[in-house]
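Worksheet: the structure to be examined is printed underneath.
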Amino acid sequence: MPTFDEVLKEAGEFGRFQKRVFFLLCQTGVIFSFLFTSVVFLGQAPNNYWCRIPGAVELSERCGWTLEEEWNFTVLPLRLGNGSSSGECERLDIGWDASISCASPFAHYGNLSAGNLPLTPCHDNWVYKQPHSSIVSEYNLVCGNAWMLDLSQAILNLGFLAGAFTLGYAADRYGRILIYLLSCLGAGICGIIVAFAPNFTVFLIFRFLQGVFAKGTWMTCYVIVTEIVGSDQRIIGIVIQMFFTLGVMILPGIAYLVPTWQGIQLAISLPNFLFLLYYWVVPESPRWLLTRKKGEKALKIMHNIAKHNGKYLSPHYSEITISNEEVSNPSFLDLVRTPRMRRNTLILMYAWFTSALTYQGLVMRLGIVGGNLYLDFFISGAVELPAALLILVTIDRIGRRLPFGIGNIVAGIACFTTAFLPEDIPWLKTTVATLGRLGITMAFEIVYLVNTELYPTTLRNFGVSLCSSLCDLGGIIAPFLLFRLAAIWLELPLIIFSILAVVCGLLVLLLPETKGISLPETVEDVEQLSSHFGKCGKKRKHQDTNSYI
């Protein structure tokens with residue numbers, strides 16, 4: 001009786017059917033990257049704003065002032081009289097009433113000039129020349145409230161974290177495509193509510209939920225693609241990462257064309273509804289069906305794949321061997337119960353955490369180097385393309401493990417070197433930091449692929465989701481770690497990143513090589529993988545299997 005991999009080889013490991021499904025699901029990566037990086041444009045700092053003096057609205061109406069005239073009468077004298085105050089986060093501690101003169105508002109205070117009047121911190125009543133350009137002006141996330149913008153991104157990452165646990169578990173229990181479609185629906189609905197949130201609390205709640213569902217779409221589409229292709233084609237998971245980078249490069253164009261944050265939010269959320277059409281063109285993962293004792297449905301899908309690929313399944317392919325491993329609802333204990341599963345899980349969790357922390361730390365440090373925000377953001381995304389190309393060139397020739405380790409080690413060395421380069425050679429400092437960015441991007445993209453290949457089918461989606469949740473934890477910690485350590489010494493974060501990355505590079509060398517081997521179906525298959533070079537078998541024979549007829 002044939003195994004699933006033998007049937008897949010007969011039906012076509014990467015034929016027209018898989019290419020179509022692959023291309024369709026890759027679009028999920030584009031939309032996910034929009035949400036992941038959108039805070040840069042949703043939270044743009046307003047160009048010109050100031051704090052209004054109580055009664056200024058009524059006085060402006062009575063005097064017929066424009067916003068510019070109001071600024072000239074209220075903020076300009078403050079700046080001229082008190083050079084330490086910009087009028088953005090503090091105002092004159094006065095109030096204007098009907099007795100104030102339109103021609104000379106400060107004449108009411110006798111010989112006191114604006115520079116001699118007391119100041120008070122501003123807590124509300126800000127004026128923006130472009131009030132709906134970003135969430136900063138929409139919800140007054142300035143001055144003492146500026147930390148709330150960071151909170152909005154932290155809340156999104158918490159949503160990713162929650163989605164990794166809940167929807168990763170659900171996809172292993174209820175099916176990949178069902179959870180994918182429900183996640184797309186949820187991400188679209190929550191995105192619309194975020195765009196029209198009446199206050200910042202509602203904004204945060206539904207931004208969190210959008211993060212939950214978006215993580216479900218991203219992780220589940222990745223697993224679906226990996227499970228319907230042969231072992232020699234699984235590097236297409238790296239190409240999915242390239243679509244993420246493509247989204248990073250497209251987003252500044254959308255933000256440039258759409259003037260309001262609500263428009264940007266809708267533009268990055270509404271495409272999720274288009275993915276619901278995949279119900280008719282993307283099938284359930286046949287590997288998952290086999291683990292749930294649904295061999296008949298799996299075989300039907302395999303016949304459909306063969307038909308679209310121009311292949312024909314032999315008559316003896318009327319049944320497929322499936323694992324008799326007891327199927328249960330996955331839990332964390334399943335990932336650490338056996339020695340090699342435990343080792344793989346702990347190393348992968350650390351690799352996810354380090355990749356996210358170092359990647360986001362380097363992005364924030366290298367940053368947007370000034371000038372045109374849209375162009376700079378585009379270029380920062382384009383920097384990631386060479387990393388994906390290097391992976392595609394090397395990963396099928398020398399395997400997964402070596403590029404994985406080298407990427408981390410190069411990033412660590414580059415971070416350490418950058419920290420001690422002199423400031424008067426900025427081009428060299430930027431070049432070495434960019435090399436570190438390329439190295440950690442390679443590691444970040446390879447961990448997706450390796451994580452998928454090191455778990456059995458019954459635990460794959462849950463395992464990937466759980467391990468990748470450490471990525472979201474790293475994303476939450478990164479800005480706080482960066483700014484706190486930079487306050488002590490500007491280059492101290494780079495030292496921490498370098499240590500984490502080099503340790504990670506050494507640890508991943510303990511993982512088994514997965515180049516050219518079949519996806520493991522059972523925990524026993526994982527335990528039989530070797531971490532030594534050259535000892536990974538190309539195929540595995542299942543000794544404990546039975547058939548579904």
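The values are calculated or read from the model by the stated rules, or taken from the named source; none is laboratory data. Since the model is a prediction, treat every value here as computed from it, not as a measurement. Here the Cβ positions follow ideal geometry from the backbone for every residue, glycine too, while neighbour counts run over all protein chains shown. Calculation scope for accessible area: heavy atoms of the full protein, side chains included, ligands and nucleic acids excluded. Shrake-Rupley method; radii C 1.70, N 1.55, O 1.52, S 1.80 Å.
Short version: ³J(HN,Hα) in whole Hz for each residue of region 379-394, in order, from phi by Karplus 6.51 cos²θ - 1.76 cosθ + 1.60 (θ = phi - 60°), x for Gly and Pro, what are they?
These are the phi-based 3J(HN,Hα) values: 5, 5, x, 5, 4, 7, 4, x, 4, 5, 5, 4, 5, 4, 6, 9 Hz.
If amide H atoms are built 1.01 Å from N in the plane of the peptide, which residues on other chains or at least 5 residues away come under 5 Å of the amide H of S38?
Under 5 Å from the amide H of S38: no residue qualifies.
Hey, which of these cross-link pairs are over 32 Å Cα-Cα: K215/K311; K215/K294; K19/K293?
The pairs that break the limit, which is 32 Å between Cα atoms, are K215/K311.
Each residue of region 405-422 in order: what ³J(HN,Hα) in whole Hz does its phi give by Karplus 6.51 cos²θ - 1.76 cosθ + 1.60, θ = phi - 60°, with x for Gly and Pro?
Per residue, the Karplus-derived 3J(HN,Hα) values read x, 5, x, 5, 5, 4, 4, x, 5, 5, 4, 5, 5, 4, 4, 10, 6, x Hz.
In whole Hz and in residue order, list the ³J(HN,Hα) couplings for region 124-131 that follow from phi through the Karplus curve 6.51 cos²θ - 1.76 cosθ + 1.60, θ = phi - 60°; x for Gly and Pro.
Computed from phi, the couplings for region 124-131 are 6, 6, 7, 10, 10, 5, 10, x Hz.
Roughly speaking, to the nearest percent, how much of region 164-226's 1.4 Å accessible area is carbon and sulfur?
Carbon and sulfur atoms account for 82 percent of the accessible area of region 164-226.
Among residues other than K294 whose Cβ falls under 12 Å from its Cβ, what is the net charge (Lys/Arg +1, Asp/Glu -1)?
Counting the neighbours of K294, the net charge comes to +3.
What full-extension length gain, to one decimal in nm, is calculated for R343 and I499 as 0.36 nm per residue of separation minus the Cα-Cα distance?
So the chain would gain 54.1 nm between R343 and I499.
Multiplying the sequence separation of E6 and Q528 by 0.36 nm and subtracting their Cα-Cα distance, what value in nm do you get? Can you show the working numbers first?
Numbers: separation 522, 0.36 × 522 = 187.92 nm, distance 2.00 nm.
Gain in length upon complete extension: 185.9 nm.
Would you grab the residues whose amide H sits under 5 Å from the one on L119? Only those 5+ places off in sequence or on another chain, please, with H modelled 1.01 Å from N.
Counting only residues 5 or more places away or on other chains, the set is D93.
Enumerate the residues in region 1-38 having an amide nitrogen under 20 Å from the point lying 7 Å beyond the Cα of E296 toward its Cβ.
2, 4
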